[in-house]
Amino acid sequence: MEIEVFATLNGIPDEAINNKTVIVIDVLRATTTITVALAAGCLEVIPVLTPEEAIEMRERLGDERVLLGGERNALKIPGFDLGNSPLEYTTEIVAGKRLIITTTNGTRAIRRAAGGRLVFLGAMINAPAVAGLAATAATDITIICAGTRDRFSLEDFLTAGLLVDQLAGQGEFVLRDGALAARDYYYCHRADPAAALKASFHGRLLADLGMEADVEFCSRVGATDVVPVYGGGIIKKAS
Ligand code: MLT
């Protein structure tokens, strides 16, 4: 079985997704935030592409236990209940609720993975747990980095390298070049992944907006064993 890493959403062939186990990464911050929401008791998460789609879907669902979350330019969308900071998604706010979320890059990447046999959301906080589940799937594994507006992002590539390293420790995998490069990059920074996240373009942007605490939070490897799984347009906790 093989592991391949795609550093951006550009040019991912369907055959790299269909019938594969796919892990989607947007560590700053979408896949971290969705993992935290499910860990805090959110029932399910629906990723959508636009704020308009989110508002229209809530009206159609007509359920007051539905929250709108997400960001544009890293800031909360006007009229939404929550932004995209994992620190906002507390049990008091999300337990027993459904969440419709839209973000600039993360929700696009999740939707792109729709054809996968199994689709997990990966981040630093749940990397060991995601690797544990994916390693038992007995299929090739494709890791998709959300990137930033279709451009390479260091933080997602670093997290992909962490996952490749975790997976390689749990099964006989052939590493394709993207996976080898990601793992080598992770080896350069595994002593202090938080520093690498802070040095990234998006990490610096979030810090400039006063969101350093988010970057610190997103860099805590293995902080939870919650694994989000995407299927039929909905994200739930893997059982
Ligand atoms: C994204 O999806 O682009 C990111 O999660 C944005 C962010 O949270 O700043």
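Observations
- Extension gain, Asn19 to Ala114, is 33.2 nm, computed as 0.36 nm per intervening residue step minus the present C-alpha separation.
- Relative contact order of the stretch 96-239, pairs being alpha-carbon contacts under 8 Å that are 6 or more residues apart, as %: 34 percent
- Those residues of the stretch 1-16 whose amide nitrogen sits under 14 Å from the label point placed on Leu180, 7 Å along Cα→Cβ: 3-5
- In plain terms, the chain from Glu2 to Asp63 could stretch by 17.7 nm, reckoned as 0.36 nm per residue minus the Cα-Cα distance.
- In a DSSP loop and with at most 16 other Cβ atoms within 10 Å, the trypsin sites (Lys or Arg not before Pro) in the stretch 73-168 are Arg117, Arg149.
- Inter-probe distance in nm under a simple model that places probes 7 Å from Cα toward Cβ, at Ala191 and Glu44: 4.7 nm
- Accessible carbon and sulfur surface of the stretch 117-185 relative to its total accessible area, %, 1.4 Å: 49 percent
- The charge dipole of the stretch 4-134, taken about its Cα centre with unit charges on the Cβ of Lys, Arg, Asp and Glu (plus for the first two, minus for the last two), comes to roughly 160 debye.
- On full extension, the segment bounded by Phe201 and Arg72 gains 44.8 nm, given 0.36 nm per residue less the C-alpha separation.
- Taking only alpha carbon atoms, the stretch 26-140 gives an Rg to Rh ratio of 0.97, where Rh is the Kirkwood radius.
- An ellipsoid equivalent to the stretch 102-239, defined through the eigenvalues of its Cα gyration tensor, has semi-axes of 23, 18, 14 Å when rounded to whole angstrom and sorted largest first.
- Relative contact order computed over the stretch 1-106 (Cα-Cα under 8 Å; 6+ residues apart), in percent: 35 percent
- For the chain, a simple Cβ point-charge model (Lys and Arg +1, Asp and Glu -1, everything else neutral) yields a dipole of about 180 debye relative to the Cα centre.
- Divide the volume of the convex hull around the Cα atoms of the stretch 185-225 by the residue count and you get 72 Å³ per residue.
- Accessible surface area normalised per residue over the chain is 41 Å², counting heavy atoms of protein chains with a 1.4 Å rolling probe.
- The fraction of accessible area contributed by carbon and sulfur in the stretch 1-70 is 50 percent, rounded to a whole number (1.4 Å probe; ligands and nucleic acids excluded).
The values are calculated or read from the model by the stated rules, or taken from the named source; none is laboratory data. Treat the numbers as computed from the prediction; the structure is a model and nothing was measured. A quick note on method: Cβ atoms are made from the backbone with ideal geometry, for glycine too, and the neighbour counts reach across all protein chains shown. Just the protein is used for accessible areas: all its heavy atoms, side chains included, with ligands, DNA and RNA removed. Shrake-Rupley method; radii C 1.70, N 1.55, O 1.52, S 1.80 Å.
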